[in-house]
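J.: The structure under discussion is supplied below as structure tokens; questions concerning it will follow.
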Amino acid sequence: MGRSQESFSKKEKEKKRLKKKKEKAERRAQRKAEKAENGAPSFDDMIAYVDEYGNIVDTPPDPSQKEEIKAEDIVIGVPQQEEIELDPIRKGRVKFFNDEKGYGFILDLETQESVFVHINNSKDDIRENDRVTFEIEMGPKGPSAFNVELVRK
């Protein structure tokens, strides 16, 4: 007859594994017993509700004060901005302009926004702090000025 394939080290490893499993079960039973002794809160005690103002409360909401909301009224995402009719020809001041690269930014005097300007969209040579008139179009990276002209004094 052949010898058993179970060696001494295999037996020791199996004993250690069973011992750990037994200790873990004992710790779990001990925790359950401690919870029962201490009067741990039940699930119902742990539930919290949110009132109509967003505050966390212990009492459930009153069903008589329930409001019906239509699914069509719910806006998902960013709402569209209303188009504001502004004068198409704007006035501004050149905040920054790089002659070597041929671009800069104009500060719109009405909205105080910076608008990108390229030398190709300018009728006159412009420099920093010049007063200009311009029109705005949406470029690939945001608003861009075109028909840029110096304001003659």
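J.: Can I get the semi-axes of the stretch 49-124's equivalent ellipsoid? Compute them from the C-alpha gyration tensor as square roots of 5 times the eigenvalues, in angstrom, largest first.
T.: On the way: eigenvalues 556, 50, 26 Å².
Listed largest to smallest, the semi-axes of the stretch 49-124 are 53, 16, 11 Å.
J.: Could you tell me which GluC sites (Glu not before Pro) in the stretch 6-101 are loop residues by DSSP with no more than 10 other beta carbons within 10 angstrom of their beta carbon? Don't skip to the answer; put the middle values down first.
T.: Values: sites: GLU6, GLU12, GLU14, GLU23, GLU26, GLU34, GLU37, GLU52, GLU67, GLU68, GLU72, GLU82, GLU83, GLU85, GLU100; in loops: GLU6, GLU52, GLU67, GLU68, GLU82, GLU83, GLU85, GLU100.
The qualifying sites are GLU6, GLU52, GLU67, GLU68, GLU82, GLU83, GLU85, GLU100.
J.: Could you give the alpha-carbon Rg of the stretch 11-63 over 2.2 N^0.38 Å, rounded to two decimals?
T.: Working: Rg = 21.0 Å, N = 53, 2.2 N^0.38 = 9.9 Å.
Expressed relative to 2.2 N^0.38 Å, the Cα Rg reads 2.11.
J.: Note down the magnitude of the dipole of the chain about its Cα centre, charges +1 on Lys and Arg C-beta and -1 on Asp and Glu C-beta and zero elsewhere, to the nearest 20 debye.
T.: Value, rounded to 20: 2740 debye.
J.: Considering only the chain, what is the antiparallel percent among its DSSP beta bridges, to the nearest 5?
T.: On the way: 24 of 27 bridges.
Given both bridge residues lie in the chain, the antiparallel proportion sits at roughly 90 percent.
J.: Helix-only mean residue ellipticity at 222 nm, the chain, DSSP H runs n ≥ 4 weighted -39,500 (n - 2.57), per residue, nearest 500. What is it? Please list the in-between numbers first.
T.: Numbers: 2 runs with 35 residues, N = 153.
Using -39500 (n - 2.57) per qualifying helix, the result is -7500 deg cm²/dmol.
J.: Roughly how tilted is helix 8-38, in degrees to the nearest 10 and between 0 and 90, from the longest Cα axis of the chain?
T.: Approximately 80 degrees, to the nearest ten.
J.: In percent, how large is the relative contact order of the stretch 90-150, given Cα pairs closer than 8 Å and 6 or more residues apart?
T.: Numbers: 139 pairs, mean separation 20.7, N = 61.
For the stretch 90-150, the relative contact order is 34 percent.
J.: Same structure again: Could you list the square roots of 5 times each eigenvalue of the Cα gyration tensor of the chain, that is, the equivalent ellipsoid semi-axes, sorted largest first and rounded to whole Å? Mind dumping the intermediate values first?
T.: Details: eigenvalues 1107, 241, 45 Å².
In descending order the semi-axes read 74, 35, 15 Å.
J.: Also, I was wondering about something else. Working out 0.36 nm times the residue gap between ARG127 and LEU150, then minus their Cα-Cα distance, what length gain in nm do you get to one decimal? It would help to have the intermediate numbers written out before the result.
T.: Details: separation 23, 0.36 × 23 = 8.28 nm, distance 0.97 nm.
In short, 7.3 nm is gained.
J.: Here is a follow-up. With a cut-off of 8 Å between alpha carbons and a minimum separation of six or more residues, what is the relative contact order of the chain in percent? Provide the component values of the computation, followed by the final result.
T.: Working: 162 pairs, mean separation 20.4, N = 153.
Computed value for the chain: 13 percent relative contact order.
J.: Still on this structure, I have one more. Let a ≥ b ≥ c be the square roots of the eigenvalues of the Cα gyration tensor of the stretch 90-150; is it rounded (a/c under 1.5), or, if not, prolate (a/b larger than b/c) or oblate?
T.: rounded
J.: Specify the inter-centroid distance of the stretch 26-88 and the stretch 90-153, based on alpha-carbon positions, in whole Å.
T.: 50 Å
Values quoted throughout were computed directly from the atomic coordinates according to the rules given, and no laboratory measurement underlies them. Everything numeric in this text was worked out from a predicted model, so none of it was measured. Here the Cβ is made from the backbone with ideal geometry for all residues, glycine too, and neighbour counts use every protein chain on show.
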